[in-house]
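Where a number appears in this text, it was derived from the coordinates with a stated rule and is not lab data. Only a predicted model underlies this, so the values are computations on that prediction, with no experimental measurement involved. Backbone-built Cβ (ideal geometry, glycine too); neighbour counts: all protein chains shown.
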Amino acid sequence: MTTDGMLALHTLRRGGSGTPPLVLLHGFPLDHRMWLDVLDLLTGDPTVLAPDLPGFGVSPIGEDVAEHVGGTGPSVDVMADAVAAALRAAGVERAVVGGLSMGGYVAMALAERHPDLIAGLALLDTKSGADPEPARANRLRIADAVLADDSVDAVLPMRTTLLGATSRQTRTDLVEHLETWIADQGASGVAWAQRAMAARPDRTDVLRGVGVPAVVVVGEQDDLSPVDQAELMAEALPDATLVVVPSAGHMTPIENPEPVAAALSALLARAGR
Ligand code: MLT
């Protein structure tokens, strides 16, 4: 664990220097390990970096991260500022940034707050709108529950709800992976992230101003960030392609990694031109 409020930034793959690095932002309540299946499928020999977001994996808790970047939290903006600080500390001036779900919220905040860092944008199984009030209230209820229990039990059911119907029926290995990854997280990180996501604004207008190539990826069976939300983001982005991933729900990079890696590779090629 880093101790100074700086996010842990994992080098998942070291590639050539011809293209900007690919930076991958994980979903909730997971860590950088959710990206491992796409690494060997990427073409173009990219370097791939992945932080653990505040309170997840081996990164410091949200309060320490917020203090480090001079922000107030819990907030997705603090997460974005912390990713920017970690990238700059690692000498990264520009990167193709991809985020899944919560990672997508952070990627959109980065596009708004640190546009100079973004050479390309990949939004996977995410949405640009803010939460409606019942969803916001539910997040705050879960945050209170995990802290009261000092356990992540309240979010363990996500080991199946994150998956599409096909994976739920046929891929017990994925349910087991998700269970392990979720159980490895701490209650304080889960609570902080739920409060951060509850407070996030609508960033659809931010997408309209993105001046770099983009791709929007969504599992055809994603019930949490459905295809119509992906279409809305792809329409808002000035230069985006839309990729609908067959036989996958919300966790496209583990449910069907080949089309996800192909979409990311194509974006890297467009961004490197
Ligand atoms: C995620 O996968 O990151 C979550 O579904 C995000 C959310 O709760 O909105």
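Taking helices (runs of 4 or more DSSP H) as the structural unit, those lying wholly within the range 172-273 and holding at least 3 residues that are of a type in the set (D, E, K, R) correspond to 172-183, 227-236.
Residues being basic (Lys, Arg), closer than 27 Å to ALA154 by Cα and not in a loop (DSSP other than H, G, I, E, B) are represented in the range 31-40 by at least one member. For the range 137-155, the candidate set comprises residues that are within 14 Å of the ligand (Cβ to nearest atom) and surrounded by fewer than 17 Cβ atoms within 10 Å (Cβ to Cβ); within that set, the residue that is nearest to ASP223 (Cα to Cα) is ASN138.
Give the range 88-136 a look and list any residue that's among the basic types (Lys, Arg), closer than 30 Å to PRO46 by Cβ and either within 16 Å of the ligand (Cβ to nearest atom) or surrounded by 20 or more Cβ atoms within 10 Å (Cβ to Cβ) (or both), or say none. Listed by number, the list holds a single entry, LYS127.
Could you look through the range 214-252, keep only residues that are within 15 Å of the ligand (Cβ to nearest atom) and of a type in the set (S, T, N, Q), and pick out the one that is farthest from LEU123 (Cα to Cα)? Checking each candidate, the answer is GLN221. The residue of the range 43-81 that is surrounded by the fewest Cβ atoms within 10 Å (Cβ to Cβ), among those that are of a type in the set (Gly, Ala, Ser) and closer than 22 Å to ALA183 by Cα, is GLY57.
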